[in-house]
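Structure record follows, encoded as structure tokens.
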Amino acid sequence: MKKITDYKNKKVLILGLAKSGLAAARLLARLGAIITVNDGKAFEENPSAQALLEEGIKVICGHHPLELLDENFELLVKNPGIPYSNPMVQKAIEKNIPIITEVELAYLVSQAPIIAITGSNGKTTTTTMIAEVLNHGGQSALLSGNIGYPASDVVTRAKEDDQLVMELSSFQLMGISKFHPHIAVITNLMPSHLDYHGSFENYIQAKWNIQSNMTSDDFLILNADQDLSSQLAKKTDATIVFFSRKHKVEGAYLQGGNLYFKGECIMKASEIGVPGLHNIENALATIAVGKLSGIENHLIAESIASFGGVKHRLQNLGDINHVSFYNDSKSTNILACQNALSGFDNSKVILIAGGLDRGNEFDELVPAIRGLKKMVILGQSAERMKRAAKNVEVSYLEAQDVADATKTAFEIAQAGDIILLSPANASWDMYANFEVRGDEFIATFQALKEQSNG
């Protein structure tokens, strides 16, 4: 970590705790800042605030008093999830107080170069895959950012010969100024978080901030299969490297069932450790980063082939009696379920789907579920899911919850079949979040495996 004096004796307000706020507070304390933390959660229910108070940091909890901003703060570090429409943030803007997110802090003190990944879909898988390729290739890659490891924490132990492989959300990227990765990836851009950003244009601009300080010595990896990326490529100083599933490009591409980088065959698409067309794109982006980082072809191929996925994101749990189980609980919308099914032979798939919908029908899902061996349907959206199944004459069973659905699916499964949890719905009708839903699938799989081995 660089020893900088930029924040020594500087009055800084941290708005919102969670993991990133806690990490930012501790980093700024090390840098000599005079810190006040303001979090909406009551102090009695706020272990992070309690810990910071014990460390000598001023905390104000339970509400956001606007008058706090009259205390001559020189900087506001905002939790990424707090919108700019928040009254505290609006008042800070009126008072011309600079507003950043903690990834900016991390960059300013980082001794390690940064590989930054953003996008609407696939960024967690791509970030993890990149880190595994670099580590398998003999380099030292540390996961950080929106993937669950706050950059302001990871950076304190990163050395010059490490690399920070950093997943970044649009929310985080709105709060950067000097942030400058050496390699950046934008997996794809689709309308997302419009309630936060107000428009797709604003969302794109937030994502595009990732390259704002890049030069021709840096590499920006873009998805050539999106017309939008081709347009954006003309608006950066970075050196563009494309990836594509559909065309041969100056970069990474799929051709004849093989993955190439600038004419060199790296591996077969069928060897990728996780299924689905979207994972071909993730692998291509990863190959581009690996090659730009000097990793040998066979090591890139070995790592991608052994990649088992990220928890709850088309995660391969393993087999029981030659029946494969895949946990895609992160599938909270139709597109995610379509992507998951694209990697399998439907005639072998027993799909567990359903949950909390948004009142929508599932007409868009109908082509993707055609030919499924069976569906096991659950949740608030069950009646709508049944209509979709009937449209393509897919037979289905009903279940009370994920555990029941998993057991039901296994009872009818035969050797060679695949049990896929890819709900295409949010989890909140039954579960606190998609992680809890996925954990129940994992626990049921493990129980079934123990019974089978017993």
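Give me the three principal axis extents of the range 1-138 from the C-alpha atoms, as integers in angstrom, largest value leading.
The principal-axis extents, from largest down, are 52, 34, 32 Å.
Work out from phi, with θ = phi - 60° and the Karplus expression 6.51 cos²θ - 1.76 cosθ + 1.60, the ³J(HN,Hα) of each residue of the range 118-131, listed in order in whole Hz, and give x for Gly and Pro.
9, x, 7, 9, x, 5, 5, 4, 5, 4, 5, 4, 4, 4
Going by Cα centres, the range 23-62 and the range 116-179 are how many Å apart?
25
Measure nothing but the geometry: give the 0 to 90° angle between the long axis through the Cα atoms of 18-30 and the longest principal axis through the Cα atoms of the chain, rounded to 10°.
Taking Cα atoms only, the helix is inclined about 30 degrees.
How big is the dipole moment of the range 40-133 about its Cα centre under a simple scheme where the beta carbon of each Lys and Arg is +1, that of each Asp and Glu is -1, and everything else is neutral? Debye, nearest 20, please. Each step should come with its number before you reach the end.
Numbers: 6 positive and 12 negative charges, 71 e Å.
Around 340 debye, computed over the range 40-133.
Rounded to whole Hz and in sequence order, give me ³J(HN,Hα) for the range 190-207 from the Karplus expression 6.51 cos²θ - 1.76 cosθ + 1.60, θ = phi - 60°, writing x for Gly and Pro.
9, x, 8, 6, 5, 5, 7, 8, x, 7, 5, 4, 5, 4, 4, 4, 4, 5
Taking the Cα centre of the range 1-83 as the origin, how large is its charge dipole in debye, to the nearest 20, when only Lys and Arg (+1) and Asp and Glu (-1) carry charge on their Cβ atoms?
Numbers: 11 positive and 10 negative charges, 112 e Å.
Rounded to the nearest 20 debye, it is 540 debye.
What nm value, rounded to one decimal, do you get for the distance between Cys265 and Glu45 when each label is placed 7 Å out toward the C-beta?
6.0
Could you state the number of Å between the C-alpha centres of the range 389-450 and the range 281-324?
24
Can you tell me the dipole magnitude for the range 198-330 around its Cα centre, using point charges on the Cβ only (Lys, Arg +1; Asp, Glu -1), in Debye to the nearest 20? Please list the in-between numbers first.
Values: 12 positive and 14 negative charges, 46 e Å.
Result for the range 198-330 is approximately 220 debye, rounded to the nearest 20.
Ignoring GluC sites (Glu not before Pro) that are buried or in helix or strand per DSSP, and keeping those with at most 16 other beta carbon atoms within 10 Å, what is the longest stretch of the chain between them? Walk me through the intermediate numbers first.
Numbers: sites that count: Glu55, Glu71, Glu74, Glu160, Glu250, Glu296, Glu361, Glu393.
The answer is 161-249.
At each listed q (0.06, 0.08, 0.10 Å⁻¹), what is the log10 of I(q)/I(0) that the Debye formula gives for the chain modelled as equal alpha-carbon point scatterers?
-0.29, -0.51, -0.80
Report, in degrees rounded to the nearest 10, the 0 to 90 angle that the Cα long axis of helix 297-306 makes with the longest principal axis of the chain.
70
Could you tell me which of the pairs Lys348/Lys407; Lys3/Lys234; Lys248/Lys373; Lys159/Lys268 are separated by over 25 angstrom between their Cα atoms in the structure shown?
Too far apart for the 25 Å limit: Lys3/Lys234; Lys248/Lys373; Lys159/Lys268.
Here, each number is a calculation from the coordinates, and none is a lab measurement. Because the structure is predicted, anything quoted here is derived from the model rather than measured. Glycine gets a Cβ as well: all are built from the backbone with ideal geometry, and neighbour counts include every protein chain shown.
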